[in-house]
Amino acid sequence: MALLPILTAPDKRLKRPALPVKQVNDAIRRLMEDMAETMYHAQGIGLAAPQVDVPQRVIVVDVEYGKENGGSHPIFLANPEIVSREGEVVWNEGCLSVPEHTSDVTRIARIVVRGWNQHGQEVIIEAEGLLAVCFQHEIDHLDGILFIDRLSSLKRSIILRKLKKHKSDTKQK
Ligand code: NI
């Protein structure tokens, strides 16, 4: 396993749509494992392959991590797709690619997600609450969408300006 560098906004590589996975093979499984390790190390609850500069439709989520009696139970999905949607919810979201910012985002409250697991088997997952929000956030990444793209253009430009400054400050160090 290996820790992968996480891209941070603004970065063009976060904006390009990811390609479907043709087959869940050893290379994809290695990517999934590396993504999980990277996510846990960064104390995130979700990560999408474009965030580690791999333009493929692969995500990992674990919204239970860090809870009491927790342990790690990552859900790996290749080619995740939302096949059913119900209701609306507002959630305060953050993102490993948007460091030090959170914002309220309107999402679908209950969804059904379909995809392939790490064994290449089709799985269907019903989700609500944080898990549903997390799936939507990660699937957005696969389409080149960050949560700040779902905010007003004013809010987005304020955050992007701070992120740019943060990047140039970090480079100078
Ligand atoms: Ni994110």
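The values are calculated or read from the model by the stated rules, or taken from the named source; none is laboratory data. All figures in this text were calculated on a predicted structure; none of them were measured in a lab. Every residue, glycine as well, gets a Cβ built from its backbone with ideal geometry; the counts of neighbours run over all protein chains shown. Surface areas here come from the heavy atoms of the whole protein model, side chains and all, with no ligands, DNA or RNA. Shrake-Rupley method; radii C 1.70, N 1.55, O 1.52, S 1.80 Å.
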Subject >> Matching residues in region 140-161 - criterion: being under 21 Å from P55 (Cα atoms), touching a residue at least 24 places away in the same chain (Cβ under 8 Å) and surrounded by fewer than 16 Cβ atoms within 10 Å (Cβ to Cβ) >> reply: D143
Subject >> Those residues of region 3-19 which are over 16 Å from H166 (Cβ atoms) and either surrounded by 11 or more Cβ atoms within 10 Å (Cβ to Cβ) or among the β-branched types (V, I, T) (or both), in sequence order >> reply: L3, L4, R13, K15, R16, P17, A18, L19
**OP:** Hey, could you check region 1-28 for residues that are among the basic types (K, R) and more than 15 Å from the chain's Cα centre (by Cα) and say which is farthest from E122 (Cα to Cα)?
**Re:** K12
**OP:** Taking the residues in region 29-49 that are part of a loop (DSSP other than H, G, I, E, B) and of a type outside the set (V, I, T) as candidates, determine which candidate is nearest to G120 (Cα to Cα).
**Re:** G44
**OP:** Return a yes/no flag: does region 80-95 have any residue that is farther than 25 Å from P55 by Cα, within 15 Å of the ligand (Cβ to nearest atom) and modelled with pLDDT of 95 or more.
**Re:** yes
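For region 100-139, how many residues meet the condition of being touching a residue at least 60 places away in the same chain (Cβ under 8 Å) and either open to solvent by less than 40 Å² (accessible area, probe 1.4 Å) or within 12 Å of the ligand (Cβ to nearest atom) (or both)? First the steps, then the outcome.
Going through region 100-139, the residues touching a residue at least 60 places away in the same chain (Cβ under 8 Å) turn out to be 100-101, 116-120, 130-131, 134-135, 137-139.
Pick out the ones that are also either open to solvent by less than 40 Å² (accessible area, probe 1.4 Å) or within 12 Å of the ligand (Cβ to nearest atom) (or both) and you get 101, 117, 120, 131, 134-135, 137-139.
Selection size over region 100-139: 9.
Mind telling me which of the residues A78, A27, A18, A2 ends up being free of Cβ contacts under 8 Å to residues at least 12 places away in the same chain, more than 26 Å from S168 (Cα to Cα) and of a type in the set (A, V, I, L, M)? Even if it seems obvious, please write down each step before you answer.
Values: A78 fails: free of Cβ contacts under 8 Å to residues at least 12 places away in the same chain; A18 fails: free of Cβ contacts under 8 Å to residues at least 12 places away in the same chain; A2 fails: free of Cβ contacts under 8 Å to residues at least 12 places away in the same chain.
The match here is A27.
Restricting attention to region 61-69, does a residue exist that is touching a strand residue (DSSP E or B) at 6+ places or on another chain (Cβ under 6 Å) and under 15 Å from D143 (Cβ atoms)? Explain how you work it out, then say what you get.
Filtering region 61-69 down to residues touching a strand residue (DSSP E or B) at 6+ places or on another chain (Cβ under 6 Å) leaves 61.
Next, only the ones that are under 15 Å from D143 (Cβ atoms) stay: none.
Scanning region 61-69 turns up no residue that is touching a strand residue (DSSP E or B) at 6+ places or on another chain (Cβ under 6 Å) and under 15 Å from D143 (Cβ atoms).
Just wondering, is there one or more residues in region 57-73 that are of a type in the set (D, E), farther than 30 Å from T170 by Cα and surrounded by 15 or more Cβ atoms within 10 Å (Cβ to Cβ)? Give the derivation first.
Here is the first cut: in region 57-73, the ones of a type in the set (D, E) are 62, 64, 68.
Adding the requirement that they be farther than 30 Å from T170 by Cα leaves 64, 68.
Then drop every residue that is not surrounded by 15 or more Cβ atoms within 10 Å (Cβ to Cβ), which leaves 64.
Yes, some residue in region 57-73 is of a type in the set (D, E), farther than 30 Å from T170 by Cα and surrounded by 15 or more Cβ atoms within 10 Å (Cβ to Cβ).
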